[in-house]
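The values are calculated or read from the model by the stated rules, or taken from the named source; none is laboratory data. Computed from a predicted structure; not experimentally measured. When we count neighbours, we look across all protein chains shown, and the Cβ atoms used for this are built from the backbone with ideal geometry, even at glycine. The accessibility values were calculated without ligands, DNA or RNA, using every heavy atom of the protein model including side chains. Shrake-Rupley method; radii C 1.70, N 1.55, O 1.52, S 1.80 Å.
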Amino acid sequence: IVKLLLGYKETDIKAVNRCGDTAFDIAEKTGHLEIASMLQQHGVQSARAIKPAATNPARELKQTVSDIKHEVHYQLEHTLQTRKQVQGIAKRINKMHSEGLNNAINSTTVVAVLIATVAFAAIFTVPGQYVDDPNDIPPGDSLGEANIAPKPAFIIFFIFDSIALFISLAVVVVQTSVVVIDSKGKKQMMAIINKLMWLACVLVSVAFLALSFIVVGKDEKWLAIGVTIIGTSIMATTLGTMCYWVIRHRIEASNMRSIRRSSQASRSRSWTMSVMSDSEILNNEFKKMYAI
(Lines give C-alpha, C1' and ligand atoms only; values in the text may rest on other atoms or scores of the structure.)
Protein backbone atom coordinates (compact mmCIF):
# COMPACT_ATOMS: atom_id res chain seq x y z
CA ILE A 1 0.00 0.00 0.00
CA VAL A 2 2.79 2.45 0.89
CA LYS A 3 4.60 1.63 -2.35
CA LEU A 4 1.46 2.27 -4.41
CA LEU A 5 0.81 5.60 -2.65
CA LEU A 6 4.38 6.70 -3.26
CA GLY A 7 3.87 5.95 -6.96
CA TYR A 8 1.32 8.78 -7.29
CA LYS A 9 2.67 12.22 -8.11
CA GLU A 10 -0.12 13.83 -6.08
CA THR A 11 1.22 12.27 -2.85
CA ASP A 12 2.76 14.91 -0.60
CA ILE A 13 5.93 13.29 0.70
CA LYS A 14 6.59 16.29 2.95
CA ALA A 15 3.26 16.11 4.82
CA VAL A 16 3.41 16.21 8.61
CA ASN A 17 0.79 15.41 11.26
CA ARG A 18 -0.25 17.54 14.23
CA CYS A 19 2.76 16.30 16.19
CA GLY A 20 5.10 17.48 13.45
CA ASP A 21 6.08 13.97 12.28
CA THR A 22 6.44 12.86 8.69
CA ALA A 23 5.62 9.35 7.48
CA PHE A 24 9.33 8.50 7.83
CA ASP A 25 9.34 9.60 11.50
CA ILE A 26 6.23 7.53 12.29
CA ALA A 27 7.67 4.42 10.60
CA GLU A 28 10.85 4.71 12.65
CA LYS A 29 9.01 5.25 15.94
CA THR A 30 6.71 2.26 15.43
CA GLY A 31 9.57 -0.02 14.40
CA HIS A 32 8.56 -0.56 10.74
CA LEU A 33 12.11 -0.43 9.39
CA GLU A 34 11.23 -1.85 5.96
CA ILE A 35 8.63 0.86 5.39
CA ALA A 36 11.07 3.51 6.65
CA SER A 37 13.69 2.31 4.17
CA MET A 38 11.13 2.37 1.36
CA LEU A 39 10.07 5.91 2.26
CA GLN A 40 13.68 7.06 2.38
CA GLN A 41 14.31 5.60 -1.09
CA HIS A 42 11.38 7.65 -2.47
CA GLY A 43 12.70 10.87 -0.98
CA VAL A 44 10.60 11.03 2.20
CA GLN A 45 12.67 12.74 4.90
CA SER A 46 12.26 13.30 8.61
CA ALA A 47 10.65 16.47 9.91
CA ARG A 48 13.99 17.71 11.22
CA ALA A 49 15.60 17.41 7.79
CA ILE A 50 12.72 19.24 6.10
CA LYS A 51 12.47 22.01 8.63
CA PRO A 52 15.00 23.00 11.28
CA ALA A 53 14.02 22.19 14.83
CA ALA A 54 11.90 24.84 16.48
CA THR A 55 13.56 26.92 19.10
CA ASN A 56 10.35 27.12 21.13
CA PRO A 57 10.90 25.14 24.38
CA ALA A 58 7.20 24.31 24.59
CA ARG A 59 7.33 22.89 21.09
CA GLU A 60 10.37 20.79 21.95
CA LEU A 61 8.71 19.52 25.13
CA LYS A 62 5.58 18.59 23.19
CA GLN A 63 7.67 16.74 20.62
CA THR A 64 9.56 14.87 23.33
CA VAL A 65 6.34 13.85 25.08
CA SER A 66 4.93 12.66 21.74
CA ASP A 67 8.02 10.57 21.07
CA ILE A 68 7.85 9.01 24.53
CA LYS A 69 4.15 8.27 24.09
CA HIS A 70 4.72 6.50 20.78
CA GLU A 71 7.63 4.53 22.19
CA VAL A 72 5.71 3.41 25.31
CA HIS A 73 2.70 2.43 23.21
CA TYR A 74 4.89 0.34 20.92
CA GLN A 75 6.63 -1.33 23.87
CA LEU A 76 3.29 -2.22 25.50
CA GLU A 77 1.95 -3.73 22.29
CA HIS A 78 5.15 -5.70 21.77
CA THR A 79 5.06 -6.93 25.39
CA LEU A 80 1.43 -8.04 25.12
CA GLN A 81 2.14 -9.96 21.92
CA THR A 82 5.20 -11.60 23.47
CA ARG A 83 3.23 -12.58 26.57
CA LYS A 84 0.48 -14.18 24.44
CA GLN A 85 3.09 -16.15 22.51
CA VAL A 86 4.76 -17.31 25.74
CA GLN A 87 1.43 -18.40 27.21
CA GLY A 88 0.63 -20.34 24.03
CA ILE A 89 3.99 -22.11 24.15
CA ALA A 90 3.47 -22.87 27.86
CA LYS A 91 0.09 -24.48 27.10
CA ARG A 92 1.63 -26.65 24.39
CA ILE A 93 4.48 -27.71 26.67
CA ASN A 94 2.04 -28.57 29.48
CA LYS A 95 0.05 -30.67 27.01
CA MET A 96 3.23 -32.47 25.94
CA HIS A 97 4.12 -33.15 29.59
CA SER A 98 0.64 -34.46 30.30
CA GLU A 99 0.74 -36.79 27.30
CA GLY A 100 4.21 -38.01 28.28
CA LEU A 101 3.09 -38.77 31.84
CA ASN A 102 0.00 -40.61 30.62
CA ASN A 103 2.14 -42.70 28.27
CA ALA A 104 4.54 -43.46 31.12
CA ILE A 105 1.65 -44.53 33.36
CA ASN A 106 0.21 -46.83 30.70
CA SER A 107 3.64 -48.31 29.94
CA THR A 108 4.34 -48.92 33.64
CA THR A 109 1.05 -50.76 34.05
CA VAL A 110 1.83 -53.04 31.11
CA VAL A 111 5.35 -53.72 32.34
CA ALA A 112 4.11 -54.45 35.87
CA VAL A 113 1.62 -57.01 34.51
CA LEU A 114 4.36 -58.64 32.41
CA ILE A 115 6.77 -58.88 35.36
CA ALA A 116 4.03 -60.32 37.57
CA THR A 117 3.16 -62.88 34.89
CA VAL A 118 6.78 -63.92 34.38
CA ALA A 119 7.51 -64.09 38.11
CA PHE A 120 4.37 -66.18 38.75
CA ALA A 121 5.11 -68.58 35.90
CA ALA A 122 8.78 -68.98 36.87
CA ILE A 123 7.89 -70.60 40.20
CA PHE A 124 6.12 -73.49 38.48
CA THR A 125 8.56 -74.05 35.60
CA VAL A 126 11.68 -74.66 37.67
CA PRO A 127 13.51 -77.94 36.87
CA GLY A 128 13.01 -79.34 40.33
CA GLN A 129 14.65 -82.75 39.74
CA TYR A 130 11.79 -84.40 41.57
CA VAL A 131 11.91 -87.83 43.16
CA ASP A 132 9.50 -89.88 41.06
CA ASP A 133 10.67 -93.47 41.54
CA PRO A 134 9.03 -95.10 44.59
CA ASN A 135 11.73 -97.81 44.62
CA ASP A 136 14.64 -95.33 44.57
CA ILE A 137 14.04 -92.62 47.18
CA PRO A 138 17.23 -91.04 48.60
CA PRO A 139 17.49 -90.88 52.39
CA GLY A 140 15.80 -87.80 53.83
CA ASP A 141 13.65 -87.19 50.71
CA SER A 142 10.04 -87.96 49.99
CA LEU A 143 8.20 -88.87 46.78
CA GLY A 144 7.54 -85.76 44.64
CA GLU A 145 9.92 -83.53 46.63
CA ALA A 146 12.20 -81.22 44.61
CA ASN A 147 15.86 -81.97 45.13
CA ILE A 148 16.90 -78.35 44.52
CA ALA A 149 14.70 -76.89 47.29
CA PRO A 150 17.44 -76.83 50.00
CA LYS A 151 20.07 -75.29 47.72
CA PRO A 152 21.05 -71.63 48.45
CA ALA A 153 20.68 -70.64 44.81
CA PHE A 154 17.07 -71.88 44.72
CA ILE A 155 16.28 -70.13 48.01
CA ILE A 156 17.62 -66.83 46.58
CA PHE A 157 15.56 -67.37 43.43
CA PHE A 158 12.40 -68.18 45.36
CA ILE A 159 12.64 -65.17 47.70
CA PHE A 160 13.61 -62.59 45.07
CA ASP A 161 11.11 -63.85 42.52
CA SER A 162 8.32 -63.75 45.10
CA ILE A 163 9.18 -60.18 46.15
CA ALA A 164 9.24 -59.06 42.48
CA LEU A 165 5.83 -60.72 41.97
CA PHE A 166 4.18 -58.93 44.88
CA ILE A 167 5.79 -55.57 44.05
CA SER A 168 4.45 -55.80 40.51
CA LEU A 169 1.01 -56.76 41.77
CA ALA A 170 1.05 -53.80 44.18
CA VAL A 171 1.93 -51.47 41.29
CA VAL A 172 -0.91 -52.91 39.22
CA VAL A 173 -3.37 -52.38 42.09
CA VAL A 174 -2.25 -48.75 42.53
CA GLN A 175 -2.29 -48.00 38.80
CA THR A 176 -5.77 -49.44 38.32
CA SER A 177 -7.25 -47.89 41.48
CA VAL A 178 -5.75 -44.40 41.85
CA VAL A 179 -6.72 -41.61 39.44
CA VAL A 180 -4.51 -38.51 39.63
CA ILE A 181 -5.53 -35.35 37.75
CA ASP A 182 -2.84 -32.88 38.84
CA SER A 183 0.39 -32.98 36.84
CA LYS A 184 2.53 -32.61 39.97
CA GLY A 185 0.68 -35.48 41.64
CA LYS A 186 1.21 -37.66 38.56
CA LYS A 187 4.95 -36.96 38.67
CA GLN A 188 5.14 -37.86 42.38
CA MET A 189 3.18 -41.08 41.89
CA MET A 190 5.25 -42.06 38.84
CA ALA A 191 8.49 -41.32 40.70
CA ILE A 192 7.56 -43.82 43.42
CA ILE A 193 6.16 -46.43 41.04
CA ASN A 194 9.22 -46.23 38.77
CA LYS A 195 11.55 -46.87 41.67
CA LEU A 196 9.45 -49.92 42.61
CA MET A 197 9.66 -51.15 39.02
CA TRP A 198 13.44 -50.67 39.08
CA LEU A 199 13.55 -52.80 42.24
CA ALA A 200 11.32 -55.45 40.66
CA CYS A 201 13.56 -55.62 37.58
CA VAL A 202 16.65 -56.01 39.78
CA LEU A 203 14.98 -58.76 41.82
CA VAL A 204 13.92 -60.65 38.70
CA SER A 205 17.47 -60.34 37.32
CA VAL A 206 18.99 -61.70 40.54
CA ALA A 207 16.45 -64.54 40.60
CA PHE A 208 17.33 -65.47 37.02
CA LEU A 209 21.06 -65.43 37.72
CA ALA A 210 20.62 -67.54 40.86
CA LEU A 211 18.52 -70.10 38.99
CA SER A 212 21.02 -70.27 36.13
CA PHE A 213 23.59 -71.86 38.46
CA ILE A 214 21.12 -74.67 39.13
CA VAL A 215 19.99 -75.15 35.53
CA VAL A 216 23.47 -75.44 33.95
CA GLY A 217 24.75 -77.86 36.61
CA LYS A 218 28.14 -78.10 38.25
CA ASP A 219 30.09 -79.07 35.14
CA GLU A 220 28.89 -76.06 33.10
CA LYS A 221 29.01 -73.48 35.86
CA TRP A 222 31.16 -71.19 33.67
CA LEU A 223 28.05 -70.48 31.58
CA ALA A 224 26.22 -69.15 34.63
CA ILE A 225 29.25 -67.09 35.63
CA GLY A 226 29.45 -65.55 32.14
CA VAL A 227 25.74 -64.72 32.12
CA THR A 228 26.10 -63.18 35.59
CA ILE A 229 28.93 -60.91 34.44
CA ILE A 230 27.05 -59.81 31.31
CA GLY A 231 23.73 -59.27 33.11
CA THR A 232 25.31 -57.40 36.02
CA SER A 233 27.18 -55.09 33.65
CA ILE A 234 24.05 -54.26 31.64
CA MET A 235 21.81 -53.68 34.67
CA ALA A 236 24.45 -51.68 36.56
CA THR A 237 25.08 -49.44 33.53
CA THR A 238 21.36 -48.91 32.93
CA LEU A 239 20.45 -48.15 36.53
CA GLY A 240 23.56 -46.02 37.01
CA THR A 241 22.66 -43.91 33.97
CA MET A 242 19.08 -43.51 35.15
CA CYS A 243 20.22 -42.50 38.63
CA TYR A 244 22.53 -39.92 37.06
CA TRP A 245 19.61 -38.41 35.09
CA VAL A 246 17.41 -38.35 38.20
CA ILE A 247 20.06 -36.62 40.32
CA ARG A 248 20.88 -34.16 37.52
CA HIS A 249 17.20 -33.30 37.02
CA ARG A 250 16.73 -32.77 40.77
CA ILE A 251 19.79 -30.51 41.01
CA GLU A 252 18.69 -28.40 38.00
CA ALA A 253 15.17 -28.06 39.40
CA SER A 254 16.52 -27.03 42.81
CA ASN A 255 18.86 -24.44 41.27
CA MET A 256 16.07 -22.96 39.15
CA ARG A 257 13.80 -22.67 42.19
CA SER A 258 16.54 -20.88 44.14
CA ILE A 259 17.23 -18.47 41.27
CA ARG A 260 13.52 -17.78 40.81
CA ARG A 261 13.01 -17.06 44.52
CA SER A 262 15.95 -14.65 44.67
CA SER A 263 14.96 -12.88 41.46
CA GLN A 264 11.33 -12.53 42.52
CA ALA A 265 12.41 -11.03 45.83
CA SER A 266 14.63 -8.40 44.21
CA ARG A 267 12.80 -7.28 41.09
CA SER A 268 9.63 -5.23 40.63
CA ARG A 269 6.39 -6.52 39.11
CA SER A 270 6.41 -5.00 35.64
CA TRP A 271 5.16 -6.24 32.27
CA THR A 272 8.65 -6.87 30.96
CA MET A 273 9.75 -8.74 34.06
CA SER A 274 6.59 -10.82 33.93
CA VAL A 275 7.45 -11.93 30.42
CA MET A 276 11.01 -12.71 31.53
CA SER A 277 9.61 -14.85 34.33
CA ASP A 278 7.46 -16.77 31.87
CA SER A 279 10.48 -17.30 29.63
CA GLU A 280 12.48 -18.70 32.55
CA ILE A 281 9.63 -21.07 33.37
CA LEU A 282 9.56 -22.29 29.76
CA ASN A 283 13.31 -22.84 29.72
CA ASN A 284 13.01 -24.78 32.99
CA GLU A 285 10.01 -26.90 31.97
CA PHE A 286 10.92 -27.72 28.35
CA LYS A 287 13.20 -30.73 28.66
CA LYS A 288 13.81 -33.05 25.76
CA MET A 289 14.46 -35.93 28.14
CA TYR A 290 14.52 -36.42 31.88
CA ALA A 291 14.14 -39.31 34.29
CA ILE A 292 11.19 -39.30 36.68
- Item | Failed item, numbered, when residue 10 is tested on (1) touching a residue at least 24 places away in the same chain (Cβ under 8 Å); (2) surrounded by fewer than 11 Cβ atoms within 10 Å (Cβ to Cβ) | (1)
- Take the residues in region 195-229 that are more than 20 Å from residue 242 (Cα to Cα) and among the charged types (D, E, K, R), then tell me which one is most open to solvent (accessible area, probe 1.4 Å). 218
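Condition check ((1) at pLDDT 75 or above; (2) within 27 Å of residue 174 (Cα to Cα)) across all residues:
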| position | (1), (2) |
| --- | --- |
| 109 | yes, yes |
| 126 | no, no |
| 138 | no, no |
| 144 | no, no |
| 152 | yes, no |
- Every residue from region 8-34 that is farther than 20 Å from residue 72 by Cα and under 50 Å from the mean Cα position of the chain (by Cα): 34
- Note on the structure: Condition set over 21 Å from residue 195 (Cα atoms) and open to solvent by less than 90 Å² (accessible area, probe 1.4 Å), scope region 89-108, selection nearest to the chain's Cα centre (by Cα): answer is 93
- Message: under 22 Å from residue 246 (Cβ atoms) and open to solvent by 70 Å² or more (accessible area, probe 1.4 Å): which single residue out of 167, 163, 192 fits that description?
- Response: 192
- May I ask you to list pairs of residues, at least six apart or on different chains, whose Cβ atoms are under 8 Å apart, with the first in region 90-103 being assigned by the TED database to the domain that holds residue 181 and the second being polar (S, T, N, Q)? 94/183; 97/183; 98/183; 101/183
- If we keep just the residues of region 58-75 that are hydrophobic (A, V, I, L, M, F, W, C) and open to solvent by 80 Å² or more (accessible area, probe 1.4 Å), which is modelled with the lowest pLDDT? 61
- Pairs, first aliphatic (A, V, I, L, M) in region 226-253, second in a helix (DSSP H, G or I), C-beta under 7 Å, six or more apart: 227/209; 227/212; 235/202; 235/205; 239/198
